[in-house]
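Report on the structure given below.
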Amino acid sequence: LTGPLAGFTPWPDDLAERYIAEGYWGDTVLGDVLRGGDPRATALVAGDERLTYAELDRRADRAAAGFLRLGVRGGDRVVVQLPNTVAFAVVFLALVRIGAAPVLALPAHRRSEISYLCELAEAVAYVVPDVHGGFDYRELAREVVAATGVPHVVVDGDAAEFTPLASLDAEPVPYERPDPASVGVFLLSGGTTGLPKLIPRTHRDYVYNVEASADVCGFTDRTVYLVVLPVAHNFALACPGVLGVWARGGTVVLAPSGSPDEAFPLIERERVTACAVVPPIALLWLDAASWSGEDLSSLELLQVGGAKLAAERAAQVPGTLGCKLQQVFGMAEGLLNYTRLDDPAELVEISQGRPLSPADEIRVVDSEGRDVPPGEVGELLTRGPYTLRGYYRAPEHNARSFTPDGFYRTGDLVRVLPSGHLVVEGREKDQINRGGDKVSAEELEGHLLAHPAVHDAAVVGVPDPVMGERTCAFLIVRGEAPTLREIKEFLKERGVAAYKFPDRIEVTDAFPRTPVGKVSKRTLLARLG
Ligand code: J2J
């Protein structure tokens, strides 16, 4: 295969036919999701800006014309690194409408991640804010252009030498509607390898993901959804997220962060009904609710996912925040598990939900790939109408990440309750889940090994009451040991996103090994006591 579909692994024909015949996949494309909304209703609130459905629709069509004029075409990839702003909404919709796939980077990513994404995706453009969170993205863009030669940089705000996003606001032109079977958007994988992976999501599988999620979560045109996680993350974007709200005609309110002093006033002012958070934010909210003066009574649903929420804390949510809790165990690769709105309280507290779709196939297997007896812990494998069949342009990694019959190996250890709900019991993959942010141990070890004083490195997740886990790097050094501060400075220089920095380093003489000679991270972790 060449062209836009090269590197994308399609579903086998027989399954694709079944997903169509059974109504999971339709003809709707991502750019259509908000077309059903009442044109006068509010689609988006961000700061002082409020856009109706008609206004957002028009802004998207105008930007689509601007991107076409810039030379962006259907089938192209564009790396989008925008925070929770109107620009994200407009750029995302514009690109998916013309069939150019946004590659959704997080605001925290830096030169190392962005350069790699631009190269892997052969991006024709890179979209950034001017300055956000005290960081100048135009400087990052200069480095990325120097490293990759990405042809266009589009800047929301003061563009300096680059293309202002405002200049793409053009008279709408007709454009070709993308094929629903084509890749609509690329999401980033949490990653377990040296380099991040891209997840191709087709229009039809992602639209199904959005629609089915909106149904399970009871979203309607009355829904007012607060975005506190990065909108570029699958959870906040599509589970049901921003796209799910638009599909039902509700209102999206963008918050800059999940901090109670920013989120709570917005909940009160906009009468927010639903929100998705990671466990550390849920814990902050549980603490802050008792002393904050804001009226949170509009809140009906708090979705918590990305990392495991302790059952004791889960049990406090309804009483303390006055809303329903929904646990969400999801992944950008596809499979979503939700507790249901009418599940008994106990299931909502102790489980991470059950699969979204009747067509989701689940297996729980031992290390030899055999199904474990019902109720026992094993690795979760899955395939279904919205779970990827391969990472983008990663044949070797795909050979390991999927079974021969197309099940995705999640690397998560789960057990299945009689009700079909899953309980996440741990992880087999070499990844740290730092409050929902995923850090690939191998990727971080690779960066650490580049430090002149580091002879060898092994990265582990250390249990933490707030973050779930924090990152500890065990180092074997030559000469004088670097300090944590020096290591962070070094990683910053290398252009690594700050959430991947170790929280702690431990210098050691040798790594314990498993019988097959791999570094025993379990033993390393146990050394911390
Ligand atoms: C334990 N581990 C969890 C949970 C995710 C909704 C919600 C989350 C994500 C997400 C997402 C967990 N308990 N409740 O995309 O749409 C860990 C698992 C999983 C990995 C996926 C969504 N919820 N996890 O977190 O792609 O290890 O997606 O495989 O970032 O997060 O990470 P990510």
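Tabulated results
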read-out: Members of region 353-374 that are among the basic types (Lys, Arg) and surrounded by fewer than 15 Cβ atoms within 10 Å (Cβ to Cβ); value: Arg370
read-out: First in region 392-416 and in contact (Cβ under 8 Å) with a residue 12 or more places away in the chain and under 10 Å from Leu380 (Cα atoms), second anywhere and part of a helix (DSSP H, G or I) and within 16 Å of the ligand (Cβ to nearest atom), Cβ under 8 Å, 6 or more apart; value: Tyr408/Ser401; Arg409/Arg400; Arg409/Ser401
read-out: Those residues of region 274-320 which are within 13 Å of the ligand (Cβ to nearest atom), charged (D, E, K, R) and not in a helix (DSSP H, G or I), in sequence order; value: Lys308
read-out: Count of residues meeting criterion [on the phi < 0 side of the Ramachandran plot, touching a residue at least 40 places away in the same chain (Cβ under 8 Å) and not polar (S, T, N, Q)] in region 364-382; value: 5
read-out: Selection count, region 227-254, where residues are of a type in the set (A, V, I, L, M, F, W, C), away from the ligand (no atom under 14 Å from the Cβ) and either within 13 Å of the chain's Cα centre (by Cα) or surrounded by fewer than 24 Cβ atoms within 10 Å (Cβ to Cβ) (or both); value: 1
read-out: Residue that is among the charged types (D, E, K, R), touching a Leu at 6+ places or on another chain (Cβ under 8 Å) and at pLDDT 95 or above, where the choices are Arg59, Arg77, Arg40, Arg73; value: Arg59
read-out: Qualifying residue in region 481-502 (condition: more than 20 Å from Val519 (Cβ to Cβ), within 24 Å of the chain's Cα centre (by Cα) and hydroxyl-bearing (Ser, Thr, Tyr)); value: yes
read-out: Residue identified as away from the ligand (no atom under 14 Å from the Cβ) and modelled with pLDDT under 95 among Glu376, Glu396; value: Glu396
read-out: Inter-residue pairs, beta-carbon under 8 Å, first assigned to a loop (DSSP other than H, G, I, E, B) and in region 461-489, second of a type in the set (Ser, Thr, Tyr), 6+ apart; value: none
read-out: Residue match in region 385-403 (condition: within 15 Å of Ala212 (Cβ to Cβ), in contact with a Gly (Cβ under 7 Å, 6 or more places away or on another chain) and outside the structural domain of Ala181 (by TED's automatic domain parsing)); value: yes
read-out: Filtered residue count, region 211-226, keeping only those that are in a loop (DSSP other than H, G, I, E, B) and either within 13 Å of the ligand (Cβ to nearest atom) or of a type in the set (Ser, Thr, Tyr) (or both); value: 3
read-out: Odd one out for Asp205, checked against (1) of a type in the set (Asp, Glu); (2) within 15 Å of the ligand (Cβ to nearest atom); (3) over 30 Å from Trp11 (Cβ atoms); value: (3)
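The values are calculated or read from the model by the stated rules, or taken from the named source; none is laboratory data. Quantities reported herein were computed from a predicted structural model and do not represent experimental measurements. Ideal geometry is used to build each Cβ from the backbone, glycine not excepted, and the neighbour counts take in all protein chains shown.
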